[in-house]
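Undergrad: I have a structure here, written as structure tokens, and I will follow up with some questions on it.
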Amino acid sequence: MEKNILIFGHKNPDTDSICSSLVKERLNKKLGKENCKAVRLGKVNKETKYVLDYLKLEEPELLESVEEGQEVILVDHNEFNQSVEGIDKAKILEVVDHHRIANFETAEPLYYTARPYGCTSTILFGEYKANGVEVSKEEAILMASAIMSDTLLLKSPTTTDFDKKALEELEKLAGIDIKEYGLEMLKAGTDLNDFTAKELISLDAKSLDKNGTKFVIAQVNTVSIPDVLKRQEELEKAMNEEIEGKGLELFVLAITDILNSNSEIIALGNKIDAVEKAFDKKLENNRAFLEGVVSRKKQLLPNIDKNI
């Protein structure tokens, strides 16, 4: 029996990672590549669960490691430290991504699609059109969900005209009021009450490495920043445990208000000066309010990274 080609997004998967994996599997099968299987590298968050429940879809199977030579397709990431255990020995056939390219090397040529769009699913929608493949209602909702998640209903500075156009077309194919659905989806993801502090700081955390300096930028979405900050003490304890356990120089947690498009950050570690320089703000009680900042990729990471 032929082994499946595994399709997956990054660790601590968000809606784009899960939806893009599922969409890529469906697209490949429509193009005659039957031996593809979407999997996940972590727990499905509440926002993504809202999407899967709405569409009555099962969660993709959890993948913890890959064997040497396993054929894989990466979506929504390329950095090996954000991928599955064993990725450096896997055979990467393809990458579809909208992030920077870093710490990435393969032994053989591959298909690599990178676009500076707000979402991986926007790229995949373009692949459907380029190949003349019809988009089903289910696929349209999966891609629209990913776009609205990654761009916060097109309000994030990562949003491009390509994302806006794609969402407009996908809404027609989905046959639903996509903005109303999208707001409910985002709200579903802000229910944080039953998460432990450790789970909260890991929900959407990206591990980064610049010239040997290891740091993490994590993000949680909410409709009330003060409600999350009530747990600052336990959040800081969990962050310090990660710093000590993984030898990090910096851990930044961004608490993002999806309704008002602002963030409050908590920053801990030896390199907090990089955060203060990045935003020209002095941390008070390990915190700083960042007006208009909602994007890790376009606002948090570039500013912090150049000051590390």
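The values are calculated or read from the model by the stated rules, or taken from the named source; none is laboratory data. Every value quoted in this text rests on a predicted model; they were computed, and no experiment measured them. With ideal geometry, Cβ positions are generated from the backbone for all residues, glycine too; neighbour counts draw on all protein chains shown.
Undergrad: Go through the stretch 258-267 and count every residue that is surrounded by 19 or more Cβ atoms within 10 Å (Cβ to Cβ) and either modelled with pLDDT under 95 or more than 28 Å from residue 155 (Cα to Cα) (or both).
TA: Of the residues in that region, 1 qualify.
Undergrad: Could you look through the stretch 102-140, keep only residues that are of a type in the set (Ser, Thr, Tyr) and not in a helix (DSSP H, G or I), and pick out the one that is farthest from residue 53 (Cα to Cα)?
TA: For the stretch 102-140, the residue satisfying everything is 106.
Undergrad: Which residue, of 267, 254, 218, 238, is assigned to a helix (DSSP H, G or I), outside the structural domain of residue 149 (by TED's automatic domain parsing) and among the hydrophobic types (A, V, I, L, M, F, W, C)? Give the steps one after another, and end with the answer.
TA: On the way: 267 fails: assigned to a helix (DSSP H, G or I); 254 fails: assigned to a helix (DSSP H, G or I); 218 fails: assigned to a helix (DSSP H, G or I).
Among 267, 254, 218, 238, only 238 is assigned to a helix (DSSP H, G or I), outside the structural domain of residue 149 (by TED's automatic domain parsing) and among the hydrophobic types (A, V, I, L, M, F, W, C).
Undergrad: For the stretch 291-308, name all the residues that are surrounded by fewer than 20 Cβ atoms within 10 Å (Cβ to Cβ) and either among the charged types (D, E, K, R) or assigned to a strand (DSSP E or B) (or both).
TA: Residues satisfying the conditions are 291, 297, 298, 305, 306.
Undergrad: Surrounded by 20 or more Cβ atoms within 10 Å (Cβ to Cβ), of a type in the set (S, T, N, Q), part of a loop (DSSP other than H, G, I, E, B) and at pLDDT 95 or above - does that describe any residue in the stretch 77-87?
TA: yes
Undergrad: Just give me the residues in the stretch 282-308 being among the charged types (D, E, K, R), more than 20 Å from the chain's Cα centre (by Cα) and at pLDDT below 95, in sequence order.
TA: 306
Undergrad: Could you tell me which residue of the stretch 209-241 is surrounded by the fewest Cβ atoms within 10 Å (Cβ to Cβ), considering only residues that are within 20 Å of the chain's Cα centre (by Cα) and over 21 Å from residue 304 (Cα atoms)?
TA: Filtering the stretch 209-241 for residues that are within 20 Å of the chain's Cα centre (by Cα) and over 21 Å from residue 304 (Cα atoms), the one surrounded by the fewest Cβ atoms within 10 Å (Cβ to Cβ) comes out as 223.
Undergrad: To continue, here is another question. Taking the stretch 125-135 only, how many residues are touching a residue at least 40 places away in the same chain (Cβ under 8 Å) and either surrounded by 13 or more Cβ atoms within 10 Å (Cβ to Cβ) or not assigned by TED's automatic domain parsing to the domain that holds residue 25 (or both)?
TA: So the answer is 5.
Undergrad: Answer yes or no: is there a residue in the stretch 60-73 that is of a type in the set (Val, Ile, Thr), crowded, with 21+ Cβ neighbours inside 10 Å and under 21 Å from residue 170 (Cα atoms).
TA: no
Undergrad: Then there is this: Can you tell me which residue within the stretch 141-158, out of those that are of a type in the set (Ser, Thr, Tyr) and in a helix (DSSP H, G or I), is farthest from residue 262 (Cα to Cα)?
TA: Within the stretch 141-158, the match that is farthest from residue 262 (Cα to Cα) is 145.
Undergrad: Listed residues 151, 158; which is within 25 Å of residue 216 (Cβ to Cβ), without any contact (Cβ under 8 Å) to a residue 40 or more places away in the chain, touching a Gly at 6+ places or on another chain (Cβ under 7 Å) and outside the structural domain of residue 296 (by TED's automatic domain parsing)?
TA: Among 151, 158, only 151 is within 25 Å of residue 216 (Cβ to Cβ), without any contact (Cβ under 8 Å) to a residue 40 or more places away in the chain, touching a Gly at 6+ places or on another chain (Cβ under 7 Å) and outside the structural domain of residue 296 (by TED's automatic domain parsing).
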